[in-house]
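The values are calculated or read from the model by the stated rules, or taken from the named source; none is laboratory data. Only a predicted model underlies this, so the values are computations on that prediction, with no experimental measurement involved. Quick reminder, even Gly has a Cβ in these numbers, built from the backbone with ideal geometry, and neighbours come from all protein chains shown.
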Amino acid sequence: MEQPIMQLVSEDAIRYHVQELAGRIDADYPDGILYLLGVLKGSWVFLADLARAIKRPVRIDFIGVKRIRRGEELANPGQAALITSCPQSVFADSHVLVVDGIVDTGVTIKQIFTYLVTLHLRSVQVVTLLDKPSRRTVRGLNLKYVGCQIPDVFVVGYGMDYEQDYRNLPSIHILRRCAYKHCVFYTSDAESFCSVACMENDASVRETETE
Ligand code: IMP
Ligand code: MG
């Protein structure tokens, strides 16, 4: 039977990006408190690796965000996402670096910025391992630290899920059951894999893109 996933970013490539990002973060941040604020749940593996690759002291906390799905808009007028669990720490006078595994439309990160602006922070920036710029709907989002940009494909592994599965895969894979019509590919293997994936029209993947 055909495998439903295909590797897009190898463990070696992930290690490279984690080290590179950690080096930049070490170089950029002055002395003082730096919080790594992990976005639940997809950032958990990346956060663990990044935190250990960073040499300066850091503190860790987490934030939960839920995308508003179709049918939930009436109960949440004007909201595209909701903060479901707030960090337990007090951030006043700290630098905060929001850590996510992947940024897609940007709605989640924007919601987190909206929340963090109410706290008294010295600075707030974002670090994401993966970015899908072609999917962005939020304008003017500044992602200071991006590991690598990927095309418009649905990925799993390295903490990221499809309906809570695949999070423990050590590398990042394209999930075949996806509905993407415009793909740019990295390898010829990925190209033939995705050309099949793109013809499938499983809108349910988009419906599950939270946490
Ligand atoms: P955004 O709000 O559209 O930027 O979506 C960000 C969140 O959606 C991420 O934190 C992930 O939880 C989830 N997400 C977006 N794209 C993917 C993907 O390709 N695989 C797994 N989760 C994804
Ligand atoms: Mg998810």
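Odds and ends about this structure:
- With respect to (1) out of contact with any Phe, Trp or Tyr (no Cβ under 7 Å at 6 or more places or on another chain); (2) at pLDDT 50 or above; (3) of a type in the set (D, E); (4) under 20 Å from T105 (Cβ atoms), the lone exception for D165 is condition (4).
- Within segment 58-82, if we keep just the residues that are surrounded by 16 or more Cβ atoms within 10 Å (Cβ to Cβ), among the aliphatic types (A, V, I, L, M) and not in a loop (DSSP other than H, G, I, E, B), the residue that is modelled with the lowest pLDDT turns out to be A81.
- Residues in segment 151-170 that are in a strand (DSSP E or B) and either touching a helix residue (DSSP H, G or I) at 6+ places or on another chain (Cβ under 6 Å) or surrounded by 16 or more Cβ atoms within 10 Å (Cβ to Cβ) (or both): V155, V156, G157, M160, Y162.
- Restricting segment 101-150 to residues that are in a strand (DSSP E or B) and over 18 Å from G42 (Cβ atoms) leaves a set whose member that is farthest from ligand 1 (Cβ to nearest atom) is S123.
- N142, sole failed condition from (1) at pLDDT 95 or above; (2) under 21 Å from L36 (Cβ atoms): (1)
- Among the residues of this structure, R52 does not count as one that is out of contact with any Lys or Arg (no Cβ under 9 Å at 6 or more places or on another chain), surrounded by fewer than 20 Cβ atoms within 10 Å (Cβ to Cβ) and not in a helix (DSSP H, G or I).
- Residue match in segment 95-110 (condition: farther than 30 Å from E11 by Cα, touching a helix residue (DSSP H, G or I) at 6+ places or on another chain (Cβ under 8 Å) and either among the charged types (D, E, K, R) or surrounded by fewer than 21 Cβ atoms within 10 Å (Cβ to Cβ) (or both)): no
- Any hit, segment 13-35, residues being touching a strand residue (DSSP E or B) at 6+ places or on another chain (Cβ under 8 Å), surrounded by 18 or more Cβ atoms within 10 Å (Cβ to Cβ) and in a strand (DSSP E or B): yes
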